[in-house]
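Novice: One structure is given below, represented as structure tokens, and several questions about it will come after.
The values are calculated or read from the model by the stated rules, or taken from the named source; none is laboratory data. On a predicted model such as this, the values are computed, not experimentally measured, just so you know. Cβ placement follows ideal geometry from the backbone for every residue including glycine, while neighbour counts extend to all protein chains displayed.
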2 protein chains.
Amino acid sequence: MSERMVVIGGDAAGMSAASQARRLRQAEELEIVVFERGHFTSYSACGIPYWVGGDVDDRDDLIARTPEEHRARGIDLRLRTEVVEIDVPGRRVRARDLETGAQSWTGYDKLVIATGATPIRPPLPGIDAAGVHGVQTLDDGQALIDTLESIEGRRAVVVGAGYIGVEMAEALITRGYDVTMINRGAEPMATLDPDMGVLIRKAMEGMGIRVIGGTEVTAVRTDDAGRVRAVATADDEYPADVVVFGIGVRPATDLARAAGLPLGAYGGLLTDLAMRVRGHENIWAGGDCVEVLDLVSGSERHIPLGTHANKHGQIIGSGVGGDYATFPGVVGTAVSKVCDLEVARTGLREKEARAVGLQFVTVVIESTSRSGYFPGTSLMTVKMIAERRTGRLLGVQIVGREGAGKRIDIAAVALTTRMTVEQMVALDLGYAPPFSPVWDPVLVAARKAVAAVRKDCRG
Amino acid sequence: MSERMVVIGGDAAGMSAASQARRLRQAEELEIVVFERGHFTSYSACGIPYWVGGDVDDRDDLIARTPEEHRARGIDLRLRTEVVEIDVPGRRVRARDLETGAQSWTGYDKLVIATGATPIRPPLPGIDAAGVHGVQTLDDGQALIDTLESIEGRRAVVVGAGYIGVEMAEALITRGYDVTMINRGAEPMATLDPDMGVLIRKAMEGMGIRVIGGTEVTAVRTDDAGRVRAVATADDEYPADVVVFGIGVRPATDLARAAGLPLGAYGGLLTDLAMRVRGHENIWAGGDCVEVLDLVSGSERHIPLGTHANKHGQIIGSGVGGDYATFPGVVGTAVSKVCDLEVARTGLREKEARAVGLQFVTVVIESTSRSGYFPGTSLMTVKMIAERRTGRLLGVQIVGREGAGKRIDIAAVALTTRMTVEQMVALDLGYAPPFSPVWDPVLVAARKAVAAVRKDCRG
């Protein structure tokens, strides 16, 4: 007897789920229907800034698998078709063809919600003006590139200084724009503590990017033709020929909310460990529309990242296909490149640790990426946060040059397995002069953290 | 009441121990005497190939702390002085001044044995000929450089294809020598499985190094002046103006053996977790002269590496100084650079796993260092070994280009905490297009290993 799997959303989580389910169940056993609002499937949204910046030549390079490839594998993929209602008791979804406007119901035995996230757009005057862009989807990226290729002016304003904002600022300066980045926080990258964020600001300023922190955009000014001409803050106005908003995203869960499915504090769908929507045996959800368990703080967070979405899809597809897999949670690892700086973090920032009732000691060290005498060695700053008394690792932030970023993985594994900083000191990490000083910078930080925990115990 | 700490050997382990003890105990409380046979202290032996190859300009760059600096910190350092006897019941050592030949006894309350390792030199005809070198100590490195600067010929033979042999072959070809590397094993780098070693051989051959595997050197041929002129194997003869032996080292424990101290199967001193020689409350040992517990196999191994020696020294110095620290063991991590290849390993090779009674599945995957579409991405081969049934990670080997090597640290932490490959699949590792594909190569290998473990269970 054939079942039908319906997937809402055809990017990382949705298409991974569909593909994995197809691997496990043949077309006679499982019909798979995917509804995707946009023109593309299975693309790397994280790659959009690099496409805009010119590191990636072609939009199609960002597409891991085309609609045709999915269809060839027996997936009934319906592009430009938006699901507008989920009827949970009736086990069906209502979809609208965005070209014709026609609507129809499709029944499901197993439903996967992979609706992603929606860029936050504050309800400011002028926010919908021509020349104002987001970069959430490949369609968004294409629209921005079309704008860049059609305008004469070279003044760009980026609003927001998270990963996307920072990467877009760099992409635009690489394209020859005069770039101003406006950020609510005092320093860029609120995913880092401000004392680490300052290192990012300095690097960006060194590249010629104007970084305006501690202020909010109050309006987008337009010209008579309705095109953006400036961005206003409480105190100032910044001329702009193009504006990119990157002030974060929220889970795209209006559909789920209307269907009465359980949402968390951040508006994301809540799932169990097998990525099934809580209380619903035949509905799964994954990717940027769900909240994930933070293993360090023990609470749910919303962390929209392609790497999680892919894992979710894999697990959902296994579940739908009758196999078994779970997603135990995250530790909050992220890595990024800003100019020639590598920026990485995992676990909790000071503020996040305080917010969940943890008390901690903090250390910051400077070390080098290679043996001090080895050519190409460069400075690296490592910040480490450890719990008072227990010495359990709570978080690490790293800013440095080549070789700095992926060192965060050491801490990511240590957090996952709840190591103490004292246990970390003994870690048998790879050492050779081209790769590390004899004490890896992460171990140098751990040693200092051990001393801080002990000092705090005595104090 | 003042005590005396005597340290035998003034490199990484010995001087780290002395320095850490001095940090904890002032000169009035603890007198520290260090005997060192050579001319140098606290140098990076791992850096010698890079000095020979010209990446490091100056010998002094390899010295972390000079004798004068140690003396200024209240350490009584006696260079060119060799300890020739340890009198355990009498708590004293007999030392010989290598310049004058004078001998004298020095009493100790606390003894630290950090005598390092001795290069293996098979008793071949001609092995002591002029032009035949090892590269264990900074004195050895200087002697080799003196030879290179004094000879006319450009033919070099490197015997042995471990880390040192491979690094020296590269250093010599960089200096413009015609290099032949002769190795007993079929492929270079016996610390890897042969299927990974073949990747190293190909890279070396690509650089113009002649790699002769599966054969042993039977004699060093000399000319009338007693200088090397060729290296002979059973089948052939290789002309040589200079020969470097890098066929491994053994713990330098003749002194310890004569004193009746406990040695393990590899001839290294056996210690407890606090690095005290077993059965001896007031004698510590660390660095290349000890055996270490391999946490994966559960047995002792001899792993001469600067990073372990530094940790040992730190722990010994803490113990001597009245503080507390332990060395839980190693997982066998090592990383190296060969031409533009990064080579890394941790845990057990197939042969090592079999030798300790483990049964396992093995997977090999190829992935990329960055997102496939990102500039500068390169191929990486990851081999992963997991225990049958339990799926516990047993070992990882990685060969790739930039960004490959230090990924081994992910596996090193996972081995330390005894993760299964299934647990590893869920690891929250750093992802962004310049750093990794959306599934990190280590996770790709883990996924395949999970499938292999399951298939084996069913089979």
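Novice: Kindly indicate whether A:G357 is buried (at least 24 other Cβ atoms within 10 Å of the Cβ), more than 25 Å from B:Y50 (Cβ to Cβ), in the same structural domain as A:E342 (by TED's automatic domain parsing) and modelled with pLDDT of 95 or more.
Specialist: It is false that A:G357 is buried (at least 24 other Cβ atoms within 10 Å of the Cβ), more than 25 Å from B:Y50 (Cβ to Cβ), in the same structural domain as A:E342 (by TED's automatic domain parsing) and modelled with pLDDT of 95 or more.
Novice: Here are some residues: A:D288, A:D294. Which one is surrounded by 24 or more Cβ atoms within 10 Å (Cβ to Cβ), within 14 Å of another protein chain (Cβ to nearest Cβ) and within 19 Å of A:R250 (Cβ to Cβ)?
Specialist: Within the list A:D288, A:D294, the selection yields A:D288.
Novice: Which of the residues that make up the range B:255-282 are surrounded by fewer than 24 Cβ atoms within 10 Å (Cβ to Cβ), in contact with a Lys or Arg (Cβ under 8 Å, 6 or more places away or on another chain) and not in a loop (DSSP other than H, G, I, E, B)?
Specialist: B:L263
Novice: Which of (1) at pLDDT 95 or above; (2) over 16 Å from the mean Cα position of the chain (by Cα) is the odd one out, the single condition A:A161 does not satisfy?
Specialist: The number of the failed condition is (2).
Novice: Continuing with this model, one more query. Closer than 30 Å to B:A169 by Cα, away from chain A (no Cβ under 14 Å), in contact with a Ser or Thr (Cβ under 6 Å, 6 or more places away or on another chain) and in contact (Cβ under 8 Å) with a residue 60 or more places away in the chain: is that true of B:G53 in this structure?
Specialist: no
Novice: If I filter the range B:139-175 down to residues being surrounded by fewer than 17 Cβ atoms within 10 Å (Cβ to Cβ) and basic (K, R), which single residue comes out as nearest to B:T218 (Cα to Cα)?
Specialist: Only one residue tops the list, namely B:R154.
Novice: Within the range A:247-254, is there a residue that is assigned to a strand (DSSP E or B) and either of a type in the set (S, T, N, Q) or within 14 Å of chain B (Cβ to nearest Cβ) (or both)?
Specialist: Checked the range A:247-254: no residue is assigned to a strand (DSSP E or B) and either of a type in the set (S, T, N, Q) or within 14 Å of chain B (Cβ to nearest Cβ) (or both).
Novice: Also, quick follow-up: Quick check on the range B:292-309. Is at least one of its residues in contact with a helix residue (DSSP H, G or I) (Cβ under 7 Å, 6 or more places away or on another chain) and in a strand (DSSP E or B)?
Specialist: Looking for residues that are in contact with a helix residue (DSSP H, G or I) (Cβ under 7 Å, 6 or more places away or on another chain) and in a strand (DSSP E or B), one finds at least one in the range B:292-309, hence yes.
Novice: Assess whether B:V34 counts as being under 27 Å from the mean Cα position of the chain (by Cα), farther than 22 Å from B:V244 by Cβ, assigned by TED's automatic domain parsing to the domain that holds B:D97 and among the β-branched types (V, I, T).
Specialist: When the stated conditions are applied, B:V34 passes them.
Novice: Which condition breaks for B:T66 when tested against (1) without any contact (Cβ under 8 Å) to a residue 40 or more places away in the chain; (2) surrounded by fewer than 23 Cβ atoms within 10 Å (Cβ to Cβ); (3) under 21 Å from the mean Cα position of the chain (by Cα)?
Specialist: Single failed check for B:T66: (3).
Novice: Mind listing whichever residues of the range B:84-109 are free of Cβ contacts under 8 Å to residues at least 24 places away in the same chain, in contact with a Ser or Thr (Cβ under 8 Å, 6 or more places away or on another chain) and closer than 19 Å to B:D139 by Cα?
Specialist: Of everything in the range B:84-109, those that are free of Cβ contacts under 8 Å to residues at least 24 places away in the same chain, in contact with a Ser or Thr (Cβ under 8 Å, 6 or more places away or on another chain) and closer than 19 Å to B:D139 by Cα turn out to be B:R96, B:D97.
Novice: Quickly run through the range B:322-338 and pick out the residues that are part of a loop (DSSP other than H, G, I, E, B), within 19 Å of the chain's Cα centre (by Cα) and buried (at least 18 other Cβ atoms within 10 Å of the Cβ).
Specialist: B:F327, B:G329, B:V331, B:G332, B:T333
Novice: For residues in the range A:409-420 being buried (at least 23 other Cβ atoms within 10 Å of the Cβ) and under 14 Å from A:L348 (Cβ atoms), which is nearest to the chain's Cα centre (by Cα)?
Specialist: A:A412
Novice: Scan the range A:47-59 residue by residue and report those that are crowded, with 23+ Cβ neighbours inside 10 Å, of a type outside the set (F, W, Y) and in contact with a Phe, Trp or Tyr (Cβ under 8 Å, 6 or more places away or on another chain).
Specialist: Correct list: A:G47 only.
Novice: So for the range A:87-104 (the condition being in contact with a Cys (Cβ under 8 Å, 6 or more places away or on another chain) and in a loop (DSSP other than H, G, I, E, B)), does at least one residue qualify?
Specialist: There is no residue in the range A:87-104 that is in contact with a Cys (Cβ under 8 Å, 6 or more places away or on another chain) and in a loop (DSSP other than H, G, I, E, B).
Novice: Assess whether A:A344 counts as being assigned to a strand (DSSP E or B) and within 14 Å of chain B (Cβ to nearest Cβ).
Specialist: So A:A344 passes the test.
Novice: Would you mention how many residues in the range B:341-366 are touching a residue at least 40 places away in the same chain (Cβ under 8 Å) and farther than 23 Å from B:P188 by Cβ?
Specialist: Number of matching residues: 3.
Novice: Among the residues of the range B:14-40, which ones are surrounded by fewer than 24 Cβ atoms within 10 Å (Cβ to Cβ) and part of a loop (DSSP other than H, G, I, E, B)?
Specialist: Matches in the range B:14-40: B:R25, B:Q26, B:A27, B:E28, B:E29, B:R37, B:G38, B:H39, B:F40.
Novice: Anything in the range A:69-83 that is part of a strand (DSSP E or B) and either free of Cβ contacts under 8 Å to residues at least 40 places away in the same chain or basic (K, R) (or both)? List them, or say none.
Specialist: A:R78
Novice: On to the next question. Which of the residues spanning the range A:340-354 are within 30 Å of B:D55 (Cα to Cα) and surrounded by fewer than 20 Cβ atoms within 10 Å (Cβ to Cβ)?
Specialist: A:D340
Novice: Please specify each residue of the range B:56-79 satisfying the condition of being within 11 Å of chain A (Cβ to nearest Cβ) and under 16 Å from B:Q20 (Cα atoms).
Specialist: Matches in the range B:56-79: B:A64 only.
Novice: Right, another one. Filter the range A:297-318 down to the residues that are buried (at least 24 other Cβ atoms within 10 Å of the Cβ) and more than 10 Å from every other protein chain (Cβ to nearest Cβ), then identify the one that is nearest to B:A426 (Cα to Cα).
Specialist: So, considering only residues that are buried (at least 24 other Cβ atoms within 10 Å of the Cβ) and more than 10 Å from every other protein chain (Cβ to nearest Cβ), the one nearest to B:A426 (Cα to Cα) is A:H312.
Novice: Ok, one more. Please go through the range A:233-254 and give me each residue that is at pLDDT 95 or above and surrounded by fewer than 18 Cβ atoms within 10 Å (Cβ to Cβ), ordered by number.
Specialist: Across the range A:233-254, the qualifying residues are A:T233, A:D236, A:E237, A:P239, A:R250, A:D254.
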